[in-house]
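Here's the structure, in structure tokens; my notes come after.
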């Protein structure tokens, strides 16, 4: 593939081709994959405002190919912001870029910082995965509107103004049955688990993927810095390459086993990447 701007979209033709390839077998594939996180605000708390839908993919059989990033995260070759950049009020290219992008897309600047830093960190820690900030932002939009679900505000500390807690996973209609796994420590429910935080982790899943994304010594699913980093690690599980069509599709389905969910994330990620590219 070339390095032209048109080839650097988040999830362009290659993923569209995969959607075409998997279109007829997608339901069978979801059964084989099983459910990873499996519960987000889409099913647990009602759907946020409808996301734009991806255009129907062409009906032709093309094998999955490498997927180029939508827009390189700010910072260039530097895989992570320095400690001075993380703590300083000025001179941080990530924050400056996030402010520019937030001016043209409905994503809080602080949320963009969380997604981009997770992207940059994974470039060092698991470079073969190649997960990108736009995909994380697509997930964050569907799961909690970037920490703003129900009129909440995302604070400067990357924590929503009040906790985002899903419904009890008690086996009722359209809800999985998961008995309590954390004594209610994260979700306040000692009977059933509930999805928590801006990226909607089930407590038992958070126990495995808990990550300290902001270097404060604590892994907190209610903090978007931590949750975005944990989500990136989760998507990269098993040596997955998120820049191949097959890898991207499988990663999103592992996060939420729903074809419609994956298509929404795809459309959002593509639009965010295009906006980010224009603001480089």
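The values are calculated or read from the model by the stated rules, or taken from the named source; none is laboratory data. Please read all numbers here as calculations on a predicted model, not as lab measurements. No Cβ is skipped: glycine too gets one built from the backbone with ideal geometry, and neighbour counts run over all protein chains shown.
Taking the condition over 21 Å from residue 233 (Cβ atoms), modelled with pLDDT of 85 or more, out of contact with any strand residue (DSSP E or B) (no Cβ under 8 Å at 6 or more places or on another chain) and part of a helix (DSSP H, G or I), does residue 99 pass? Give the steps one after another, and end with the answer.
Values: over 21 Å from residue 233 (Cβ atoms): yes; modelled with pLDDT of 85 or more: yes; out of contact with any strand residue (DSSP E or B) (no Cβ under 8 Å at 6 or more places or on another chain): yes; part of a helix (DSSP H, G or I): yes.
Taking the combined requirement at face value, the residue satisfies it.
Working only within segment 224-242, note down all residues that are over 14 Å from the mean Cα position of the chain (by Cα) and not in a helix (DSSP H, G or I).
Result: 240, 241.
Taking the conditions exactly as written (over 22 Å from residue 112 (Cβ atoms), surrounded by fewer than 15 Cβ atoms within 10 Å (Cβ to Cβ) and out of contact with any helix residue (DSSP H, G or I) (no Cβ under 9 Å at 6 or more places or on another chain)), does residue 190 satisfy them or not?
Spelling it out, residue 190 is indeed over 22 Å from residue 112 (Cβ atoms), surrounded by fewer than 15 Cβ atoms within 10 Å (Cβ to Cβ) and out of contact with any helix residue (DSSP H, G or I) (no Cβ under 9 Å at 6 or more places or on another chain).
Among the residues of segment 141-158, what is the count of those that are in a loop (DSSP other than H, G, I, E, B), in contact with a helix residue (DSSP H, G or I) (Cβ under 7 Å, 6 or more places away or on another chain) and under 19 Å from residue 231 (Cβ atoms)?
Looking only at that region, the number is 3.
Would you confirm, using the coordinates I've provided, whether residue 161 is closer than 20 Å to residue 218 by Cβ and surrounded by fewer than 22 Cβ atoms within 10 Å (Cβ to Cβ)? Please lay out each step first, then the result.
On the way: closer than 20 Å to residue 218 by Cβ: yes; surrounded by fewer than 22 Cβ atoms within 10 Å (Cβ to Cβ): yes.
Against the criterion (closer than 20 Å to residue 218 by Cβ and surrounded by fewer than 22 Cβ atoms within 10 Å (Cβ to Cβ)), residue 161 qualifies.
Yes or no: residue 247 more than 14 Å from the chain's Cα centre (by Cα), under 27 Å from residue 100 (Cα atoms) and crowded, with 20+ Cβ neighbours inside 10 Å?
Numbers: more than 14 Å from the chain's Cα centre (by Cα): yes; under 27 Å from residue 100 (Cα atoms): no; crowded, with 20+ Cβ neighbours inside 10 Å: yes.
It is false that residue 247 is more than 14 Å from the chain's Cα centre (by Cα), under 27 Å from residue 100 (Cα atoms) and crowded, with 20+ Cβ neighbours inside 10 Å.
Being within 27 Å of residue 239 (Cα to Cα) and either out of contact with any strand residue (DSSP E or B) (no Cβ under 9 Å at 6 or more places or on another chain) or surrounded by fewer than 18 Cβ atoms within 10 Å (Cβ to Cβ) (or both): is that true of residue 176 here?
Judged against the criteria, residue 176 is not a match.
Quick check: is even one residue across segment 125-140 more than 12 Å from residue 233 (Cα to Cα), surrounded by fewer than 24 Cβ atoms within 10 Å (Cβ to Cβ) and out of contact with any helix residue (DSSP H, G or I) (no Cβ under 8 Å at 6 or more places or on another chain)?
No, because not a single residue in segment 125-140 is more than 12 Å from residue 233 (Cα to Cα), surrounded by fewer than 24 Cβ atoms within 10 Å (Cβ to Cβ) and out of contact with any helix residue (DSSP H, G or I) (no Cβ under 8 Å at 6 or more places or on another chain).
Check 198, 168 and return the single one that is at pLDDT 95 or above and either surrounded by fewer than 21 Cβ atoms within 10 Å (Cβ to Cβ) or not in a helix (DSSP H, G or I) (or both).
198
From (1) within 29 Å of residue 104 (Cα to Cα); (2) buried (at least 18 other Cβ atoms within 10 Å of the Cβ); (3) in contact (Cβ under 8 Å) with a residue 60 or more places away in the chain, pick out the condition that doesn't hold for residue 205.
Here residue 205 meets the rest and fails (1).
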